[in-house]
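Student: One structure is given below, represented as structure tokens, and several questions about it will come after.
Coordinate-derived values only; no laboratory data. Computed from a predicted model, the values in this text were never measured in an experiment. Please note: Cβ atoms are built from the backbone with ideal geometry, for glycine as well, and neighbour counts cover all protein chains shown.
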There are 2 protein chains.
Amino acid sequence: MTSLQRVANRPTWLLSRANARAQALLADAFAAEGVRGYHFRLLAALDELGPASQAELARSTGVDRSDVVATLDDLVGWRLARRDPDPVDRRRNIVTITARGTTRLAGLDAVLDEVQAAVLGPLTAGERAALVRILAKLG
Amino acid sequence: MTSLQRVANRPTWLLSRANARAQALLADAFAAEGVRGYHFRLLAALDELGPASQAELARSTGVDRSDVVATLDDLVGWRLARRDPDPVDRRRNIVTITARGTTRLAGLDAVLDEVQAAVLGPLTAGERAALVRILAKLG
DNA sequence: CTGGATCGTTGGTGATACCAACGATATACC
DNA sequence: GGTATATCGTTGGTATCACCAACGATCCAG
């Protein structure tokens, strides 16, 4: 596609192009499953944290609270998660992943595995490991 | 911010997080200059290609034609580029970077340099070189 | 009891990326 | 010359992720 010399070796440019390609593949794969990135992120957090308030979900995933609301509306509508009032604090809901949600999440993990393989196809095993290490260091 | 174990070592996840951080810094830096990513991309392409049609700009930058129109409206409005009818083909405009545009582009290059340094700060020189090489290979 | 903080919700915006449709123009072919 | 197909620039639209503001309800410390 683009071949602008001015940016060809700029790390931020290369990062954005690589990310764009990866996200496009991932978005397509998720779309085929009827979900988006935010859905996956919330399900993953619920699976890992156990029942949590919406604000906890927002903090643990980095997704804005208002986007947690909208995404969770979908998940609850699909019966992948449940929302109950918190008996301890009336301001809160407690969100729980359902068995359906857990199953669905496992399916999405498999989708993710395929996308990793597709995105990283051109790299050697050593390069993949180096990429992961370096990107993690950028965190 | 987020610490989801499920995705912690997924290359696509690490890539999206690293990119998000880089783009946030870049967007802020560009915003302080009154431009966006697309503006920079079009200016860079004009500088490199010389006068070009809008469709050529779209193809060389990967920016959709309709987004080229909107972005170019800004650039022309700021007198960073000029749009003239192509005498050879009445369907086309020929777009040219202005002297103001060239000067502005040089300023944005400096901004980009600073952002690279900020984004890549945590890495050693060797790691930076490896990152560039690997990301370029993903292209 | 008051002030400040937190929660969930509603509503909004922006950047990037992408798509559809249309009138004007160009070109190859019959 | 006419027709079919392609290209151009424009207008209009959508989606996703990311982020922000405001508000009523609730909680808690002083």
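Student: With a Förster radius of 51 Å, plug the Cβ-Cβ distance of residue A:96 and residue B:59 into 1/(1 + (r/R0)^6) and report the FRET value to the nearest 0.05.
Tutor: On the way: r = 50 Å, r/R0 = 0.98.
Efficiency for this residue pair is about 0.55.
Student: Could you work out the relative contact order of segment A:9-115, using alpha carbon pairs under 8 angstrom and six or more residues apart, expressed as a whole percent?
Tutor: 29
Student: Once amide H atoms are placed 1.01 Å from N in the peptide plane, what residues at a sequence separation of 5 or more from residue B:81, or on another chain, have their amide H within under 5 Å of its amide H?
Tutor: B:76, B:98
Student: Kindly give Rg over Rh for the protein assembly as shown, based on alpha-carbon atoms, with the Kirkwood expression for the hydrodynamic radius.
Tutor: Details: Rg = 22.1 Å, Rh = 21.1 Å.
That ratio equals 1.05.
Student: Per-residue mean of other chain beta-carbon atoms within 10 angstrom of the beta-carbon, peptide A:43-50? Before the final figure, lay out each step's value.
Tutor: Values: counts 1, 6, 5, 0, 3, 5, 1, 0.
What the average comes to for A:43-50 is 3.
Student: Chain A: Rg/Rh from Cα coordinates, Kirkwood Rh? Let's see the in-between values first.
Tutor: On the way: Rg = 18.1 Å, Rh = 17.0 Å.
That ratio equals 1.06.
Student: Report, in deg cm²/dmol and to the nearest 500, the calculated mean residue ellipticity at 222 nm for chain B, where each DSSP H run with n ≥ 4 adds -39500 (n - 2.57) and the sum is divided by the residue count.
Tutor: Values: 6 runs with 92 residues, N = 139.
It lands at -22000 deg cm²/dmol.
Student: List the trypsin sites (Lys or Arg not before Pro) within segment B:91-133 that fall in a DSSP loop (any state other than H, G, I, E or B) and whose Cβ has at most 14 other Cβ atoms within 10 Å.
Tutor: Answer by residue number: B:91.
Student: Here's something else I'd like to know. Under the convention of a label 7 Å out along Cα→Cβ, give the distances in nm from residue B:8 to the same position in every other copy, shortest first.
Tutor: 3.9
Student: To continue, here is another question. Report the full-extension gain for the segment residue A:28 to residue A:111: residue separation times 0.36 nm, less the Cα-Cα distance, to one decimal in nm.
Tutor: Full extension from residue A:28 to residue A:111 adds 28.8 nm.
Student: Now for a separate question. Using the Cα centre as the reference, give the magnitude of the dipole from point charges on the C-beta atoms of segment A:9-115 (Lys, Arg: +1; Asp, Glu: -1; all else neutral), rounded to the nearest 20 debye. Walk me through the numbers before you get to the answer.
Tutor: On the way: 15 positive and 15 negative charges, 56 e Å.
With only Lys, Arg, Asp and Glu charged at Cβ, the dipole is about 260 debye.
Student: While we're here: So how far apart, in nm, are the two label points at residue B:83 and residue A:79 if each is 7 Å from Cα heading toward Cβ?
Tutor: 5.3
Student: Here's something else I'd like to know. Amide H to amide H, which residues 5 or more places from residue A:94 or on other chains are under 5 Å from it, using H placed in the peptide plane?
Tutor: Counting only residues 5 or more places away or on other chains, the set is A:84, A:86.
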